[in-house]
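All remarks here apply to the structure that follows.
The values are calculated or read from the model by the stated rules, or taken from the named source; none is laboratory data. Being a predicted model, the structure only gives us computed values, none of them experimental. Heads up, the Cβs are rebuilt from the backbone with ideal geometry, glycines too, and the neighbour counts pull from every protein chain shown. Calculation scope for accessible area: heavy atoms of the full protein, side chains included, ligands and nucleic acids excluded. Shrake-Rupley method; radii C 1.70, N 1.55, O 1.52, S 1.80 Å.
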Amino acid sequence: MDLSVATDSLLSPPILFFFLGLLAVLVRSDLEIPQPIPRFLSLYLMLAIGFRGGVELGHSAPGAREIATLVAAVVVAALVPIYCFWILRRRLDVYNAAAIAATYGSISAVTFVTATDFLDRAGIAYGGHMVAAMALMESPAIVMAVILARLALRRSGVKNQAVGATPDRSWSHLLRDALFNSSVFLILGSLLVGIITGERGQATLEPFTAALFPGILCFFLLDMGIVAARRLRDLRASGAYLLGFALAIPLVNALLGIGVSALLGLDTGDALLFTILCASASYIAVPAAMRLALPEANPGLSLPLALAVTFPLNITVGMPAYLALIERLGS
Amino acid sequence: MDLSVATDSLLSPPILFFFLGLLAVLVRSDLEIPQPIPRFLSLYLMLAIGFRGGVELGHSAPGAREIATLVAAVVVAALVPIYCFWILRRRLDVYNAAAIAATYGSISAVTFVTATDFLDRAGIAYGGHMVAAMALMESPAIVMAVILARLALRRSGVKNQAVGATPDRSWSHLLRDALFNSSVFLILGSLLVGIITGERGQATLEPFTAALFPGILCFFLLDMGIVAARRLRDLRASGAYLLGFALAIPLVNALLGIGVSALLGLDTGDALLFTILCASASYIAVPAAMRLALPEANPGLSLPLALAVTFPLNITVGMPAYLALIERLGS
Amino acid sequence: MDLSVATDSLLSPPILFFFLGLLAVLVRSDLEIPQPIPRFLSLYLMLAIGFRGGVELGHSAPGAREIATLVAAVVVAALVPIYCFWILRRRLDVYNAAAIAATYGSISAVTFVTATDFLDRAGIAYGGHMVAAMALMESPAIVMAVILARLALRRSGVKNQAVGATPDRSWSHLLRDALFNSSVFLILGSLLVGIITGERGQATLEPFTAALFPGILCFFLLDMGIVAARRLRDLRASGAYLLGFALAIPLVNALLGIGVSALLGLDTGDALLFTILCASASYIAVPAAMRLALPEANPGLSLPLALAVTFPLNITVGMPAYLALIERLGS
Amino acid sequence: MQAVKRVEIVIDTLELDRVLELLEQSGISGYTVLRNAEGKGQRGVRSGDDVTRVFQNSYVLAACSAEELERVVTALRPVLKRVGGVCLVSDALWLMH
Amino acid sequence: MQAVKRVEIVIDTLELDRVLELLEQSGISGYTVLRNAEGKGQRGVRSGDDVTRVFQNSYVLAACSAEELERVVTALRPVLKRVGGVCLVSDALWLMH
Amino acid sequence: MQAVKRVEIVIDTLELDRVLELLEQSGISGYTVLRNAEGKGQRGVRSGDDVTRVFQNSYVLAACSAEELERVVTALRPVLKRVGGVCLVSDALWLMH
Ligand SMILES: Nc1ncnc2c1ncn2[C@@H]1O[C@H](COP(=O)(O)O)[C@@H](O)[C@H]1O
Ligand SMILES: Nc1ncnc2c1ncn2[C@@H]1O[C@H](COP(=O)(O)O)[C@@H](O)[C@H]1O
Ligand SMILES: Nc1ncnc2c1ncn2[C@@H]1O[C@H](COP(=O)(O)O)[C@@H](O)[C@H]1O
Ligand code: NA
Ligand code: NA
Ligand code: NA
């Protein structure tokens, strides 16, 4: 593994600002990004990444490999929760096992965005369809987790309380939430705008969507650092088993991602993004969806794992390590 | 009418993001721009448009035609409410008729801003004094509507409850609100800063006021789409008559604007902006002013018309149609 | 004193927007930058100034003069409260005298940032270490003021209620607050990121941290104008003595700063920044720290002085006057 | 602890300043305000979108004496009649310090 | 002034819409909502960071009649059981206008 | 439904953490917080401009038992004396679930 890539990544402004946020909580500074600002920044990141992906996609009609990638993305996102659920059930009840499985099957848009910034810095190209892959990978795990929970509950004879049991937990609600949740919607919508407006749109939006991007990402990761550090102390409730899970399963999922990428013959940039999507865990869309679909699950369990363990792991040592592996396989 | 201009306009990023916002509400996505952000974006748009207009204005002393345009703007803004009030009184009580008349006599800064973006894309120039015209057109309709309401109430023998009747509804309050409301104040203030600092000011502020402009506009119109769509269901309360009014009167006002522009001999860009100002309706300044001056009027009636009918009409089919008409007249 | 520099400064966009904010309150406009936005803008300014200073610093190892400047900064920041306290005790009780002394010993980051913009416009260079000097000057006055208050209270036999007396007012709390308060932390942290990432970091962050800077500063000063004008009426409570203090002591401190700069042989840009730091007064960090350390002091007394008198004084007539003096001494 | 009247007022934010003035005129010089209240009442849903800023309520809480209460109730009634809103009164004990 | 029941509900913001629906179904067509409430209860600390948006409460205040109260209490109980939250009831006088 | 004491505290946001600690120490482990409260009291107007962040209140609501109330009142009094603020106590019924 090329050490300079790892250092470059760890010492890039976004990651350093993430560490700065962690440090702020550690030294008990009162630094804080006030409430709706981080939300606005994350909307910006999704709009920008979606739009830029769309412009990119508009350049050429997606070929067979692009489409295969999208299909693979959905399949992987639906598969991961299955073995995660199986592993987690060793120690957890059905509800929490399903919720955490969904978390790790789904993806983290910010991890993806940080990885694109990482590739930009390393001068490695990637395709606009990877943005679509990201959006498509958000939801399958949610649906899958609910199915897993239902099956397990039925088998164990528990009177079913999950989706479908009461009118307010209907499948239609769940599917709407899964398909049209704000991040999926904004990413795919911006992608579409990018495809439609193409170069001309890009020319006017460039300063907003591209030039500002690294700066906004720094600001947002500063906040992520603060939020992650605050969740660190909630980890005590998780215990060693779950902690180990949160450290090991991203690597397992990353290996799966690298394998699939190799099978599909993806280029380095696309392979890294596919891998990071597999390795990342959702701390926004999924916990929210689970509160509605499986309210018996405790978000105080899944959230710190995804946010305070897996996210930092992926954006610090993960990205360069996955890249090194992909490059070794490639050559 | 040149169809490609219409398509270009409908398929420009800002308008597409507006549609995306509409769609988000339609499919019941939870997409939402959190609360003070849209306000911040609209302050940005006003500051930027004001400043750029001021720099533009500073280049050359305004000639007779520019001054005539400003005078015409104020006159039209005061005239429109009169016939609107007369039309609306067929069906509405004095208070609501006056409030809606004020709405249509005044202007929508966001419509104006979207039109400047439209002209920028089409490569058509316009004068900085049009920004001043916009600011000057915000308030006359407010004052006019109150006068109309008073006259009508006096005639119908109702014990007068409108402005002037009680100390807290004094004319001085009303005039202060009309003249120094935040958008008028910020636009004119930024215009002044632009005039004073000229090229040197522009050089340092350009990346902020110009380069970011289309991107911020997209973001803001995304929110406008969401807000407009939410107001759509309030339209039921309005009834067919008012709906027809909200669709027809912008066209009437646009024709008036085109006519006046022709009389004044305005260039294409200025004529379009003048026309869009006439055609647009206020959904910020006027409803707020009316709540204080004519609290008996129901903002739930005027607001959906201006926001969910007239605004989309103007920025989608309106702008290119008005432009086509102006160009046909010009050639 | 070169009048054109003074006019240039007074007629630069940031200062004009500050005046616009003042005017908005004067004419009772409802213009207002909604709540967390100004906080976000100020975080941006600190991040940007810190990062740019860090990149600058990274270019060359700091020499003896740079280190001497930093030491002098800390010494001055600790000295100023002593004579301020002595002057203020003529009229005020121990608590308020100490709190106001701390205010004037500490610094205002926004004043500093406005001064860097002023230098940029005038084409005068300054060193990245001045950003570090600013951060180092925030806290000493806080600690000093608490020491002064304790000594004075002990001498006057008052049962000590200040820091150290109760567990919740412990020195460790105070020091943590002083050293890791959000602005010190963010400025020094961003400085560090700047040093570490250097040119490469700058290349990607430039559009965010540099190109946007003057525009964001304008927006922020617009808000500062509004806030300062609102605090103006609180000045009545202060009385003539304090008003005189708030007008005179910045000049005294500026002269001290100019003297020290001459002794250290600082270049024009560095000397102006050092001087403006001495002359400026804190209206964010110190009042907050004083509420915890000396809750008996009334922030309604110190805040309007720093915000509505000293801040405007420094950024309008102060900056060009100090510069003129420095240039006269230099030549 | 002292027995006081606890007055809660929900009012259009545009009218907030006037209501606070009425409180002052009634001798109530202590109150707490929470802006950004949404709500529903006889005049329909009021969830303040920030674009139009027309539909936004504020929540005011004031502890006062029985006499102050009487004065403020008299002053407030016409305002509520004109612009809508709600005023609730309950009993409470004030922890004097 | 009229005697009313003053109902306060603290609930996960994700469930807010359902609770407001329950109020309506119980005949309570007036209420006030304050979002962005933080809190702590049996289910741990809930201070909504805006990144995850998972932990955020809303505060609902509604004045209603005794019968409406009864209906809403019955409807609300299972919701509170499932997702947590608090409902407090007290007496108040409503300044009619 | 169970009879409880309803405690409301308005306090400088800078002191909020300490007040919540006092609640915990008094055995009250459930509370709701609304930040961004403005207000006026003996120490003047406190409408928090975000530049200075010096003047900002928080509103805390806690339902508790009479014994818990007693403890928290004792603990709170010196804090209120030092930094100002208000504490109101009233009676309520808690909808148990
Ligand atoms: N019964 C109620 N309980 C609590 N708040 C109410 C009630 N009725 C009205 N409100 C509040 O008062 C505002 C104005 O009410 P109204 O004038 O009836 O439309 C509403 O938007 C609500 O915020
Ligand atoms: N005793 C209490 N007093 C006031 N609010 C409470 C109390 N207990 C819980 N809450 C609020 O209700 C939310 C959910 O409570 P729980 O379901 O007990 O976790 C908490 O986050 C608090 O905001
Ligand atoms: N009578 C009151 N009713 C409601 N809130 C009050 C009252 N008095 C003071 N407050 C609140 O408590 C804060 C501090 O009060 P004080 O310490 O008296 O200045 C004020 O800013 C108000 O938000
Ligand atoms: Na994943
Ligand atoms: Na118009
Ligand atoms: Na100073």
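Residues are listed down the side, and each one gets a yes or a no for (1) surrounded by fewer than 20 Cβ atoms within 10 Å (Cβ to Cβ); (2) under 30 Å from B:Arg231 (Cα atoms):
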residue	(1), (2)
D:Ile9	no, yes
D:Arg18	yes, yes
D:Gly27	yes, no
D:Gln42	yes, yes
D:Arg46	no, yes
D:Gln56	no, yes
D:Ser65	yes, no
D:Thr74	yes, no
D:Val83	yes, yes
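Entry remark, the range B:2-43: residues being out of contact with any Phe, Trp or Tyr (no Cβ under 7 Å at 6 or more places or on another chain), away from chain A (no Cβ under 12 Å) and of a type in the set (Ser, Thr, Tyr) number 1 in total.
For the range B:60-81, the tally of residues that are in a helix (DSSP H, G or I) and open to solvent by less than 70 Å² (accessible area, probe 1.4 Å) stands at 12.
Being more than 10 Å from chain B (Cβ to nearest Cβ) and of a type outside the set (A, V, I, L, M, F, W, C) is the filter here; which residues of the range A:183-226 pass it? The answer is A:Glu199, A:Pro214, A:Gly215, A:Asp223, A:Gly225.
Of all residues in the range B:1-15, those being open to solvent by 20 Å² or more (accessible area, probe 1.4 Å), part of a helix (DSSP H, G or I) and aliphatic (A, V, I, L, M) number 3. If I filter the range D:26-45 for residues that are more than 12 Å from ligand 1 (Cβ to nearest atom), under 30 Å from B:Ile33 (Cα atoms) and without any contact (Cβ under 8 Å) to a residue 12 or more places away in the chain, do I get at least one hit? For the range D:26-45, residues more than 12 Å from ligand 1 (Cβ to nearest atom), under 30 Å from B:Ile33 (Cα atoms) and without any contact (Cβ under 8 Å) to a residue 12 or more places away in the chain: absent. A single entry from A:Ala279, A:Ala262, A:Ala288 fulfils the requirement of being within 17 Å of A:Gly105 (Cα to Cα) and modelled with pLDDT of 90 or more: A:Ala279. What residue, of B:Ala77, B:Ala64, is modelled with pLDDT of 95 or more and among the hydrophobic types (A, V, I, L, M, F, W, C)? Result: B:Ala77 is the single residue among B:Ala77, B:Ala64 that is modelled with pLDDT of 95 or more and among the hydrophobic types (A, V, I, L, M, F, W, C).
Put simply, of A:Leu23, A:Leu119, A:Leu31 the only residue that is open to solvent by less than 20 Å² (accessible area, probe 1.4 Å), more than 17 Å from A:Ser280 (Cα to Cα) and among the hydrophobic types (A, V, I, L, M, F, W, C) is A:Leu31.
What residue, of A:Ile107, A:Ile142, is more than 30 Å from C:Ala203 (Cβ to Cβ) and within 16 Å of ligand 4 (Cβ to nearest atom)? Of A:Ile107, A:Ile142, the one residue that is more than 30 Å from C:Ala203 (Cβ to Cβ) and within 16 Å of ligand 4 (Cβ to nearest atom) is A:Ile142. Taking every residue in the range D:65-77 that is more than 10 Å from chain E (Cβ to nearest Cβ) and pairing it with any residue that is among the charged types (D, E, K, R) and surrounded by fewer than 18 Cβ atoms within 10 Å (Cβ to Cβ), at least 6 positions away or on another chain, yields no pair with a Cβ-Cβ distance below 8 Å. Flag: E:Leu34 does not match the condition of being open to solvent by less than 20 Å² (accessible area, probe 1.4 Å) and away from ligand 2 (no atom under 16 Å from the Cβ).
Here the helices (runs of 4 or more DSSP H) wholly within the range B:225-317 that include at least 1 residues being aliphatic (A, V, I, L, M), open to solvent by less than 10 Å² (accessible area, probe 1.4 Å) and under 17 Å from B:Val80 (Cβ atoms) are B:239-264, B:268-279, B:285-293.
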